[in-house]
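*Asks:* What follows is a single structure, and I will ask about it in a moment.
What follows draws every value from the coordinates through simple rules; no lab data is involved. The model shown is predicted, which means the values in this text are computed figures rather than measured ones. Methodologically, a virtual Cβ is constructed for each residue, glycine included, from the backbone with ideal geometry; neighbour enumeration extends over all protein chains shown.
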Amino acid sequence: MSAIEMRNIVKEYGDGFKAVNDISLDIADGEFMILVGPSGCGKSTLLRMIVGLEDITSGDMLIGGNRVNEKAPRDRNLSMVFQNYALYPHLTVFENIAFPLRLMKGITEDEIKTRVREAASMLELNEHLDRKPANLSGGQRQRVAMGRAIVRQVNAFLFDEPLSNLDAKLRGQMRTEISRMQRRLGTTTVYVTHDQTEAMTLGDRVAVLRRGYLQQVASPRELYEQPVNMFVAGFIGSPPMNFLPAVVTGDRLKLPFLEVEVPAVAAGKVTDGQLLIAGIRPEHFEDARVIDSSKRERGKVFRAQVDVTEWLGDSQYAYIPFDANPEVAKQLAELAAELDSEALRSQLIISIDAMSRLRENHEGEFWADTRRMHLFDPKTGENLTRDEAAAADLASLEEEELRERMEQPR
Amino acid sequence: MKASRSTQLFWIAGAILIILYALIPVFWIVSLSFKAGDDITNKQFLPTVWSWENYKTVFSSDLFTTALRNSVGMSIIATTISVILATLAAYAISRLEFPGKRAVLGVALAITVFPVIAIATPLFNLWRTIGLYDTWLGLIIPYLSYSLPLSVYVLSAFFREIPWEMEQAAQVDGATAWQAFRRVIVPLATPGVFTAAILTFFAVWNDFVFGITLTSSEAARPVPAALAFFQGASQFSQPTAPIAAAAVVVTIPIVILVLLFQRKIVAGLTNGAVKG
């Protein structure tokens, strides 16, 4: 178990393309760190630089306080679970798990047996030990790959999108399994994913990357509630945050459907007539008819025509088209392209009570929790309404939680 | 269903035709080898009396038994060296980036189509000068130079099929480059290694040109060349039947080899390594 420190890590390819750009990141001992971002953001490259499969162009990589830049993968004492598992097909499950132990010097056959059995029973692989990987299901192969990772005492576990090849149901189960295993072993873990559910549920902290640059490192809660910029705000959350054009007129903001006061935090940062982008999460809307009056006063109510509704049983989404001015529309399209999605039209996606009997192509009355709205500078994408005090609060909460967990006897 | 049935019949008929085409000469040789004395002029496919006489002749002649020893020895040595070198070379070609990589493969392919007879005479003169003429080594060297490129070519194709992650996983698990190669890559490339080995063995075993030009005595003469020196019962009769018997004898190891390793030469050993 060790802390991992990255200082100004850069990865530049032969053609001058920088896949990872000046990333500094400290991962505490025992922490579960998630690297997340759209494809091509450099998250896998960064992970492979930690494990040593990719050379570091410049910067320092420290594991447990020692610089490892020039060390071969085998000298870093890390274990990794690959996206496609990379099991050894000619070996049985037992031998696959035992493989790292067999390469160690001065370990007896008996000890290998006990340790493999220990790892196998933790992952419920005991009855498959004599089988070959070809005869296993996807989930079992995944567990073998994990067994191979946990059988040694390593400085850290590295996961490269380990669940992306599993079907949705199994993915949920394995996610819990990974989380439980990491909590139990208390080993520092770096986990690469593009799946936000995994990012939000597994990590103590999440590092969001974009085009090789680090955007924000924070607890899932902080990322969600206090994003530093529009990219993070748009990336975290599903369905994504709604972005609306907002024009400053005096001390008020004009949005499609709504008009609100300029929030106090942002008051000094905006000028009259400036165009901003407002971000409101789908769940901060509600059908005005089902909201109680005390809550109603805290937000704004507006009328709008619903285009399409999606009823999912436990929740319901409504789509409300609106006209965005061309400048904002272009900005949003660019952002959407970067987030691996496509903004086909400018529309509000709002999450409303599943009991609400809203009808498509009818006008409805909606309520928006405008206190939780964020304002972004359209040019830089910077969040003008980020509450630093609240963010610091959340960060210290997370730190405390980790400390508590590490001190617990296992 | 009817259409598929007729195509099925077509394929079966075709297969039988091809098998017959390939096997009739073999049966003919086998049949010849069992015809004793003047029976080979009996003008029919099968011998009138089945006789082991020719086999006795073959094994009682020193010419054949020493040649057989030469053939077996040289084939095994040449195959082993060739496969080991080819495995290392092919691994380098498939995994490393170095200038002239394509040229190496291109030249390897070119060598395999180079006519053997063209270098037989120069080698004859060279070997006589430096004392390699009529020795095992004198034959093994040209065998290697012809079989190595082919083996490299076959093996590099196999290595390319092995996912990179296998090796990376091994490295992360604590293996050195050599351990990763030996414990993971080579076992996965076994079908390729066996294919290369068998191809090399066939090529060396069947060689006639080098065998006849680069030898003068029983010291190194392999079976195919030795057959040319067979003598009949009298100098007026052709030793056709004993040659046929010898040919049958040298074919047997090849058949056994193929039957043994047939199961090893199956693709898809990497099943289950990665999702796919």
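*Asks:* Pull out a ≥ b ≥ c, the square roots of the eigenvalues of the alpha-carbon gyration tensor of region A:230-386, then state rounded if a/c is under 1.5, prolate if not and a/b is larger than b/c, and oblate in the remaining case.
*Replies:* oblate
*Asks:* For residue A:260, which sequence-distant residues (separation of 5 or more, or a different chain) have an amide H within less than 5 Å of its own amide H, given hydrogens modelled in the peptide plane?
*Replies:* Residues meeting the criterion, in which the H sits 1.01 Å from N, are A:253, A:255.
*Asks:* Here's a follow-up. Give the long-range amide H neighbours of residue A:131: residues separated by 5 or more places, or on another chain, with amide H under 5 Å away, using H modelled in the peptide plane at 1.01 Å from N.
*Replies:* A:93, A:94
*Asks:* Give a residue-ordered list of calculated ³J(HN,Hα) values for region A:369-381 (Karplus: 6.51 cos²θ - 1.76 cosθ + 1.60, θ = phi - 60°; whole Hz; x for Gly, Pro).
*Replies:* Here the 3J(HN,Hα) series is 7, 6, 5, 9, 6, 10, 10, 10, 6, x, 7, 8, x Hz.
*Asks:* May I pose another question? Along Cα→Cβ, 7 Å out, is where each label goes; now give me the distance between the ones at residue A:26 and residue A:168 in nm to one decimal.
*Replies:* My value for the distance between the label points is 4.1 nm.
*Asks:* Another question, if that's okay. Per DSSP H run of at least 4 residues, take -39500 (n - 2.57); add these up for chain A, divide by its residues and hand me the 222 nm value, nearest 500 deg cm²/dmol.
*Replies:* -9000 deg cm²/dmol
*Asks:* For region B:62-229, what value does the Rg/Rh ratio take when both radii are computed over Cα atoms and Rh is the Kirkwood radius, given to two decimals?
*Replies:* Result for region B:62-229 is an Rg/Rh of 1.07.
*Asks:* Mind checking A:81-94 for the average number of partner chain beta-carbons within 10 Å of each residue's beta-carbon?
*Replies:* Across A:81-94, the average partner-chain Cβ count within 10 Å equals 6.
*Asks:* Quick one: if you stick a label point 7 Å off each Cα along the C-beta vector at residue A:121 and residue A:396, how many nm between them?
*Replies:* Using points 7 Å along Cα→Cβ, the separation is 4.4 nm.
*Asks:* For region A:82-148, which GluC sites (Glu not before Pro) pass both filters: DSSP loop (anything but H, G, I, E, B) and at most 15 other C-beta atoms within 10 Å?
*Replies:* When the GluC sites (Glu not before Pro) of region A:82-148 are filtered for loop state and at most 15 Cβ neighbours within 10 Å, A:124 remain.
*Asks:* Between 0 and 90 degrees, rounded to the nearest ten: what's the tilt of helix B:240-261 against the longest Cα principal axis of chain B?
*Replies:* The angle comes out near 20 degrees.
*Asks:* Let me ask something additional. In Å and whole numbers, how far do the C-alpha atoms of the protein assembly as shown stretch along each principal axis, longest first?
*Replies:* 123, 67, 50
*Asks:* Would you list which lysines come within 24 Å of residue B:35, measuring only between C-alpha atoms, while excluding same-chain residues fewer than 8 positions from it?
*Replies:* Residue B:35 reaches B:43, B:56.
*Asks:* Please work out, to two decimal places, the log10 of the ratio I(q)/I(0) at q = 0.28 Å⁻¹ from a Debye calculation in which every Cα of region A:275-314 carries one identical scatterer.
*Replies:* Scattering profile of region A:275-314, log10 relative to I(0): -1.21.
*Asks:* On to the next question. Rounded to the nearest 500, what is chain B's calculated 222 nm mean residue ellipticity when only DSSP H runs of at least 4 contribute -39500 (n - 2.57) each, over all residues?
*Replies:* -22500 deg cm²/dmol
*Asks:* For region A:1-140, what log10 I(q)/I(0) values come out of the Debye formula at q = 0.10, 0.13, 0.18 1/Å, with one point per alpha carbon and no solvent?
*Replies:* The Debye formula, applied to the Cα set alone, gives -0.45, -0.73, -1.10.
*Asks:* About the Cα centre, and with charges only on the beta carbon of Lys, Arg (+1) and Asp, Glu (-1), how big is the dipole of the protein assembly as shown? Nearest 20 debye, please.
*Replies:* 2620 debye
*Asks:* Follow-up question, since we're still on this one. Which residue, A:33, B:256, A:315, has the largest displacement toward the positive end of the dipole of the protein assembly as shown when charges sit on each Cβ (Lys, Arg +1; Asp, Glu -1)?
*Replies:* Result: B:256, furthest along the dipole toward the positive end.
*Asks:* Something else about it: For region A:89-189, which trypsin sites (Lys or Arg not before Pro) are both in a DSSP coil and crowded by at most 12 other Cβ atoms within 10 Å?
*Replies:* Passing both the DSSP loop test and the Cβ count: A:105.
*Asks:* Can you list, largest first and rounded to whole Å, the semi-axes you get for chain A by taking the square root of 5 times each eigenvalue of its Cα gyration tensor?
*Replies:* 45, 24, 19
*Asks:* Using the Karplus equation 6.51 cos²θ - 1.76 cosθ + 1.60 (θ = phi - 60°), what ³J(HN,Hα) coupling, rounded to whole Hz, does each residue of region A:135-142 give in order, writing x for Gly and Pro?
*Replies:* 8, 9, 7, x, x, 5, 4, 4
*Asks:* Shape verdict for region B:1-110, please, from the Cα gyration tensor: rounded (a/c under 1.5), prolate (a/b greater than b/c) or oblate.
*Replies:* Oblate, since a/c reaches 1.5 and b/c is not below a/b.
*Asks:* Among A:157, A:208, A:88, which residue has its Cα furthest toward the positive end of the charge dipole of region A:4-225, with +1 on Lys/Arg Cβ and -1 on Asp/Glu Cβ?
*Replies:* Most positive-ward Cα: A:88.
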